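One structure is given below, encoded as structure tokens.
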Amino acid sequence: MKIIVTGGAGFIGSAVCRHLVNDLGHTVINLDKLTYAGNLASLREIEHSQLYHFEQADICDRCAMDAIFKKHQPDGVMHLAAESHVDRSITGAADFIQTNIVGTFVLLEAARDYWNKLDEDARETFRFLHVSTDEVYGSLGADGLFEETTPYDPSSPYSASKASADHLANAWFETYGLPVVISNCSNNYGPYHFPEKLIPLVTLNALDGKELPVYGDGSNVRDWLYVEDHARALYTIMSKGRLGEKYNVGGRNERTNLHVVETICDILDELRPANHPRRELIKFVTDRPGHDARYAIDATKLEDELGWRAAENFETGIKKTIQWYLDNEWWWGPLRDVAGERRGLLKK
């Protein structure tokens, strides 16, 4: 296949590009605006492959989208381009509305126009995968799991913008017949994760002996998914998923934020011993507004219907991730000037 991956220089998008080229031998067109979180260094291992192509463009630019579709004649689109950091959405929502909602609309329209002009066989096989988040469902109590039928209840500007994009993608299937499939994933972690997110931020700050800020009392629960497992799931959903359906992707690895931070400290103490236990660096800070208490994904539909299984559990995945950061300062070192602090606090 020849696949456009929007946001392919981002954390999850780059993992998808590497998987498609290295593991599956598909042709990839990485379409990325290269905002602060886009990093072509994450594609270094495939950048010279004949199967890999890069187009720097904004998904909000309809003329650019039309030109890219015409030039590359893709068999499918995997739409991952998005503003994704909840903390940033609290203090700068406009970018999230523009990219996540308007950009998705523009891309859907460009894809629809391209798809309508294909011959019958190509129309039949074309797919548009819209990649979303479990945060559109809001917050869970102590029990239960997010299912594909869970009502939407977004709490942050980020999750509200992604919920809007989901509804647009579904509407383009229902109204125009565009062959859309939607995925909603739990929290990702792994190599090449921008250092403002929890796991890489804590890892690098702990290496530097800096304070490790934990929101509230650290009891918020997330379901953690290793990014390479997610990349495999996304191709499975695009290639095998039923049109107009949603598939939840989760790792079945619920952990409190405090447990995650303490685990990172303990692994670093083992791999890179310091003078004092790194747990002493933990500092509880004011909780961020609209902080959902618990996310947990029921991935049964994806597992039973399409046969996907996560290869990593949290214990194996987090150790691989930390070892990767220890071994790859060339990648994260230059990013420390634009990351390295928690951003989700409203200024008085």
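Scanning the stretch 206-219 for any residue that is surrounded by fewer than 20 Cβ atoms within 10 Å (Cβ to Cβ), part of a loop (DSSP other than H, G, I, E, B), modelled with pLDDT under 95 and hydroxyl-bearing (Ser, Thr, Tyr) turns up at least one such residue.
Look at (1) touching a residue at least 60 places away in the same chain (Cβ under 8 Å); (2) within 16 Å of Asn248 (Cα to Cα) and you find that Ala163 fails only one, number (1). Taking (1) at pLDDT below 95; (2) under 20 Å from the mean Cα position of the chain (by Cα) in turn, Glu148 satisfies each apart from (1).
Out of Gly251, Gly317, I need the residue that is part of a loop (DSSP other than H, G, I, E, B), over 19 Å from Lys210 (Cβ atoms) and in contact with a strand residue (DSSP E or B) (Cβ under 6 Å, 6 or more places away or on another chain). Which one? After ruling out the rest, the residue left standing is Gly251. Could you list, in sequence order, the residues of the stretch 146-159 that are crowded, with 20+ Cβ neighbours inside 10 Å and either of a type in the set (Gly, Ala, Ser) or touching a residue at least 24 places away in the same chain (Cβ under 8 Å) (or both)? Of everything in the stretch 146-159, those that are crowded, with 20+ Cβ neighbours inside 10 Å and either of a type in the set (Gly, Ala, Ser) or touching a residue at least 24 places away in the same chain (Cβ under 8 Å) (or both) turn out to be Phe146, Ser156, Pro157, Tyr158, Ser159.
Yes/no matrix, rows are residues, columns are (1) under 20 Å from Ala9 (Cα atoms); (2) touching a helix residue (DSSP H, G or I) at 6+ places or on another chain (Cβ under 6 Å); (3) not hydroxyl-bearing (Ser, Thr, Tyr):
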{"residue": "Ser49", "(1), (2), (3)": "yes, yes, no"}
{"residue": "Tyr52", "(1), (2), (3)": "yes, yes, no"}
{"residue": "Cys60", "(1), (2), (3)": "yes, yes, yes"}
{"residue": "Ala111", "(1), (2), (3)": "no, no, yes"}
{"residue": "Glu124", "(1), (2), (3)": "no, no, yes"}
{"residue": "Asp143", "(1), (2), (3)": "no, no, yes"}
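So that you can scan it fast, the table gives a plain yes or no per residue for (1) among the acidic types (Asp, Glu); (2) in a helix (DSSP H, G or I); (3) over 16 Å from Val5 (Cα atoms):
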site: Ala37; (1), (2), (3): no, no, no
site: Ser42; (1), (2), (3): no, yes, no
site: Ile59; (1), (2), (3): no, no, no
site: Met65; (1), (2), (3): no, yes, no
site: Phe69; (1), (2), (3): no, yes, no
site: Met78; (1), (2), (3): no, no, no
site: Ala82; (1), (2), (3): no, no, no
site: Asp87; (1), (2), (3): yes, yes, yes
site: Ile90; (1), (2), (3): no, yes, yes
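For the stretch 77-96, which positions are buried (at least 21 other Cβ atoms within 10 Å of the Cβ) and either acidic (Asp, Glu) or modelled with pLDDT of 95 or more (or both)? Listed by number, the residues that qualify are Val77, Met78, His79, Leu80, Ala81, Ala82, Glu83, Phe96.
Residues in the stretch 280-313 that are basic (Lys, Arg), under 22 Å from the mean Cα position of the chain (by Cα) and not in a helix (DSSP H, G or I): Arg288, Arg294, Arg309. Of all residues in the stretch 114-142, those being among the charged types (D, E, K, R) and crowded, with 24+ Cβ neighbours inside 10 Å number 2. For the condition within 19 Å of Leu140 (Cβ to Cβ), of a type in the set (Gly, Ala, Ser) and under 20 Å from the mean Cα position of the chain (by Cα), Gly218 does not qualify.
Based on this model, can you work out whether Glu47 counts as part of a strand (DSSP E or B), over 16 Å from Met1 (Cβ atoms) and among the charged types (D, E, K, R)? Walk me through how you get there before you give the answer.
Working: part of a strand (DSSP E or B): no; over 16 Å from Met1 (Cβ atoms): yes; among the charged types (D, E, K, R): yes.
It is false that Glu47 is part of a strand (DSSP E or B), over 16 Å from Met1 (Cβ atoms) and among the charged types (D, E, K, R).
The values are calculated or read from the model by the stated rules, or taken from the named source; none is laboratory data. For clarity, every value in this text was computed on a predicted model and none was experimentally measured. In this analysis, Cβ positions are derived from the backbone assuming ideal geometry, glycine residues included, and neighbour counts consider all displayed protein chains.
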